[in-house]
Amino acid sequence: MSFQSVLIANRGEIACRIVRTFRQMGLRSIAVYSDADRNAPHVKLADDAVHIGASPASESYLDIETIIAAAKTSGADAIHPGYGFLSENTEFAKACSKVGITFIGPSPEAIALMGDKAAAKRHMIEAGVTVLPGYQGDAQDETTLQSEAERIGFPLMVKAAAGGGGRGMRLVTKAGDLSNALSAARAEALSAFGSEALILERAVLRPRHVEVQVFGDSFGNIIHFGERDCSVQRRHQKVLEEAPCPVMTDDLRMRMGEAAVQAARSVNYVGAGTVEFLLDEKGAFFFLEMNTRLQVEHPVTEMVTGLDLVALQIRVAQRQTLDVTQNEITLTGHAIEARLYAENPSEGFLPATGHVGHLSFPVGVRVDSGIEAGSDVSPFYDPMIAKIIAHGPDRETARQKLVQALEETVLFGVPTNREFLIQALGKTDFIEGEAMTAFISENFPENELTAKPLTEETAALAALTHYLALRERGSKAVPADLLGWYSAQPLAHPFLYEDHRIEITTQGPDKFNLTCGATDLEVDLESWEDGLATYRLPTGRRKLYWFMSDPAQIYIQMGSETFHLNNVLALPAAKEASVGQGNIVAPLHGALTEVLVAKGDVVKAGTRLAVIEAMKMQHDILADMDGIVSEIFAEAGSQIPANAPLFKLES
C-alpha cells in the first residue's frame, strides 16, 4: 500500500513537525485549520490547507465528518492524526477505513481497548503484565466505589476511565475526601471525554513515571526503542522529559521493554505506541496505560536513537516491515525536553492567552514550535507553545545546554513558564537524577512559585531601556545627541514601575545616571540592536536586556527573569482594585461550563461559584469574600472573555 498525499488532522507544533518529515519523504502535506488558526504557521508550511470550521475544537478539529470531507476534497490518501484531538478516537479510525483512507495509527480495536483504562487494566492482567491493585469494574454507583476504595486502601487515585492528560484525575489521601473527588472527577471526565466512568487504583506517592516507546508492523514484528522518564509533572501533565531514565539499568530496561512489547503484542499492535509504567523506589514497575499514538515527548527518543518516528509511522502504514531489529536499537548520549507553556506558574500554572509580539529561539538545540511572532495564543487549545530539546554525550551536558537554550529563548506578549523550567532544571533533585512525580510539590513550595520581586537595579535598567526606545522613536525629528538635554543642562526623565520611581539623567548620547531609591548607577550603553540592549556598569559588569516596548509598557528579559512593566506615569489613572470587594471577574478566556450559585445565595470566601473550561483544563471561580450573591452576569454554556464580570457579592 502506497500513498502520496497525507492530511494532518491536527494543528500547532505537531502539525509543523509532521510536515517537515513529509517533505523529506517527498509526500504532499495537507493542513486543516479553524477560524483561530487561519494564519497559523502549520497552514503556511503545508503544501495545501483546508478550512474546517469555527475556533472551538468541537466545531473543527474534533468534527470527524468535517475532517473526512476535507481529506476527500483535498485528495488525501491517508490521514495522520498527530496527538490529542482525534488521534485515539476509535470512530475516527473506523471512518477513515470506511471511505478507503489510510489511518496512520493502530487498528480501531486496539485504540478502543487501550483507550478504556478499565478494560485495558483487565486485559493487561490477563496478558500477565503487572498492574497496580485497583478497581476497574462496570458498576459506577457511589456505594460500590466507596466500598472498593476501602478495599484498596488510601492513598488512591481516582481516574477517568476514558481519559488522559491528567483530566478527570484526583489523588485522595483519606476516606472523607473521596465523595468530593468522585464528583469532581466525574464532571471533568464527562466534559473532556464524554464519559463519566471512573477507575480506582492504589497511589504510589513517590514513583517515577517511565514510559517505553514501542513500534509494530503488519507482519507481527514488535520492538521497543528504550524508555523516557516523564516524572516532572504539574496537574498530572508532563513538563520535563528525558531519555534514557537516569536510574535505568540494563536489566531493568530489558524487563520493562519486554513487558511493553508483551502489552503491545497482546493487542496485535501496529504503528507507534507508548506503554506507560509507574516505577517505585524499590525498582518494581506497574502498567499504567498505553497511548495508541505518537507522544508529545517523542523527540527525546529520536535524539538518542537517531530515528525519525514519523517516518517509521509512514513506512508501517504503507505495509512495509520495520527496517530495524531490537538488537540494532542503541541509545547514544542523553536528551532532555522542556515544554514551554503559555501559563502563570505563580498563579497555580493558570493558562494564559495573548498576542506574541516578539519570539526568538536559540540555535544549537532542537525546537519544535507551532507559533511565530504575530501569532495569537487562543483559549481554544492546549497552552503549549513549543518544545525545546537538548542532546549531549551525557546527561549533565544535555541539562546545561537546555538551561542555556531556555535563557536565550525570548517571548514577549504572553506569560510563559520559561523561568520555572530553568529553576526546575537547576534543582538538586533534578541535577542528581532523583526527580519523582512529586518533584514540583517537593521542590517548589507555594511562596517559591510567586512572581520574582522587581529589584531597584532591574527597575532602573528597565527604565533606561524604555527611555532609549522612546528616544529611538523620536530620533527622526531630533538629533540623538540633543535628546534629553534642555538649556545646556541635563533633564531628568521620570518613570514609575509599581512602587519604584526612577529618574534618568543623560550625561551624553550613550552615558546615563540612574537613580532608584537607594540605587545610584552610572551606566554606559554598549550596544543597541534588534531588541537587545547591552549596558556596562561602573564595576565592569555587562548586562544584556532583551526588550519590547511601547510608550506605556515594556517587556524586559535578562537571563531567566522576565518582567512586564507599566510606566504608571504614562497610564490613565488606575481604577481602584476590586480584589476582596466582591467583584468577581473571569481570570482567562474560556467556556463557562457551570454556575454553582444563584442570586441571593449566601457564600463564604473560597466558595466555588462557577467553573470555566479553557485550554482543556477546568478552573474554579471562587468567592473573594463572605457575602450574598447580588448579581450574576453570565450564563452557563457561554464563552467568557478574560476580565469579564461574572458575579457581584455584597456583604
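The values are calculated or read from the model by the stated rules, or taken from the named source; none is laboratory data. Model, not experiment: these values are computed from the prediction. Heads up, the Cβs are rebuilt from the backbone with ideal geometry, glycines too, and the neighbour counts pull from every protein chain shown.
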Exercise for review: May I ask you to list pairs of residues, at least six apart or on different chains, whose Cβ atoms are under 6 Å apart, with the first in segment 254-276 being free of Cβ contacts under 8 Å to residues at least 24 places away in the same chain and part of a loop (DSSP other than H, G, I, E, B) and the second being of a type in the set (Phe, Trp, Tyr) and crowded, with 24+ Cβ neighbours inside 10 Å?
Suggested key: none
Practice item. Search segment 604-648 for residues being within 27 Å of the chain's Cα centre (by Cα) and β-branched (Val, Ile, Thr), and hand back the single one that is nearest to Tyr341 (Cα to Cα). Key: Ile612
Point to revise | Some residue of segment 116-139 being farther than 29 Å from Ala93 by Cα and free of Cβ contacts under 8 Å to residues at least 24 places away in the same chain | key: no
Review point. Tally time: how many residues in segment 256-290 are under 16 Å from Val131 (Cβ atoms) and of a type in the set (S, T, N, Q)?
Key: 2
Check your understanding: If you go through segment 313-348, how many residues are part of a strand (DSSP E or B) and not aromatic (Phe, Trp, Tyr)?
Key -> 9
Review point. Name the residues in segment 182-207 that are assigned to a helix (DSSP H, G or I) and not hydroxyl-bearing (Ser, Thr, Tyr), would you?
Key: Leu182, Ala184, Ala185, Arg186, Ala187, Glu188, Ala189, Leu190, Ala192, Phe193
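Checking the conditions here, which among Val324, Val363, Val367 is crowded, with 16+ Cβ neighbours inside 10 Å and not basic (Lys, Arg)?
Answer to the selection: Val367.
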Point to revise | Filter result for Pro445 (surrounded by fewer than 17 Cβ atoms within 10 Å (Cβ to Cβ), out of contact with any His (no Cβ under 8 Å at 6 or more places or on another chain) and either of a type in the set (Asp, Glu) or under 18 Å from Leu565 (Cα atoms) (or both)) | key: no
Exercise for review: Confirm whether Glu302 is of a type in the set (Asp, Glu) and assigned to a helix (DSSP H, G or I).
Suggested key: yes
Review point. Does Glu457 qualify as being in a helix (DSSP H, G or I), in contact with a helix residue (DSSP H, G or I) (Cβ under 9 Å, 6 or more places away or on another chain), among the acidic types (Asp, Glu) and modelled with pLDDT of 90 or more?
Key: no
Point to revise | Selection count, segment 62-87, where residues are in contact with a strand residue (DSSP E or B) (Cβ under 7 Å, 6 or more places away or on another chain) and either part of a helix (DSSP H, G or I) or of a type in the set (D, E, K, R) (or both) | key: 8
Review point. Going by the conditions given, is Val602 of a type outside the set (Phe, Trp, Tyr), outside the structural domain of Ala184 (by TED's automatic domain parsing) and surrounded by 14 or more Cβ atoms within 10 Å (Cβ to Cβ)?
Key: no
Check your understanding: Residues in segment 160-180: is at least one free of Cβ contacts under 8 Å to residues at least 24 places away in the same chain, under 30 Å from Lys94 (Cα atoms) and not aromatic (Phe, Trp, Tyr)?
Key -> no
Review point. In this structure, does Val310 turn out to be in a strand (DSSP E or B) and not acidic (Asp, Glu)?
Key: no
**Study point:** Selected residue [in a loop (DSSP other than H, G, I, E, B), more than 28 Å from Gly12 (Cα to Cα) and either in contact (Cβ under 8 Å) with a residue 24 or more places away in the chain or of a type outside the set (Val, Ile, Thr) (or both)] from Ala605, Ala642
**Key:** Ala605
**Study point:** segment 12-54, residues that are under 19 Å from the mean Cα position of the chain (by Cα) and either farther than 22 Å from Ser2 by Cα or part of a loop (DSSP other than H, G, I, E, B) (or both)
**Key:** Gly12, Glu13, Ile14, Cys16, Ala36, Asp37, Ala40, Pro41, His42
Revision key, fill the gap. For segment 433-463, the count of residues that are aromatic (Phe, Trp, Tyr) and in contact with a strand residue (DSSP E or B) (Cβ under 8 Å, 6 or more places away or on another chain) equals 1
Check your understanding: Among the residues of segment 90-103, is there at least one that is in a loop (DSSP other than H, G, I, E, B), free of Cβ contacts under 8 Å to residues at least 12 places away in the same chain and not hydrophobic (A, V, I, L, M, F, W, C)?
Key -> yes
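Here is a yes/no grid of residues against (1) more than 28 Å from the chain's Cα centre (by Cα); (2) surrounded by fewer than 23 Cβ atoms within 10 Å (Cβ to Cβ); (3) of a type in the set (Asp, Glu):
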site: Thr249; (1), (2), (3): yes, yes, no
site: Gly257; (1), (2), (3): no, yes, no
site: Ala260; (1), (2), (3): no, no, no
site: Val267; (1), (2), (3): yes, no, no
site: Glu276; (1), (2), (3): no, yes, yes
site: Leu279; (1), (2), (3): no, no, no
site: Thr301; (1), (2), (3): no, no, no
site: Leu307; (1), (2), (3): no, yes, no
Point to revise | Flag if Gln557 is touching a strand residue (DSSP E or B) at 6+ places or on another chain (Cβ under 9 Å), at pLDDT below 85 and part of a strand (DSSP E or B) | key: no
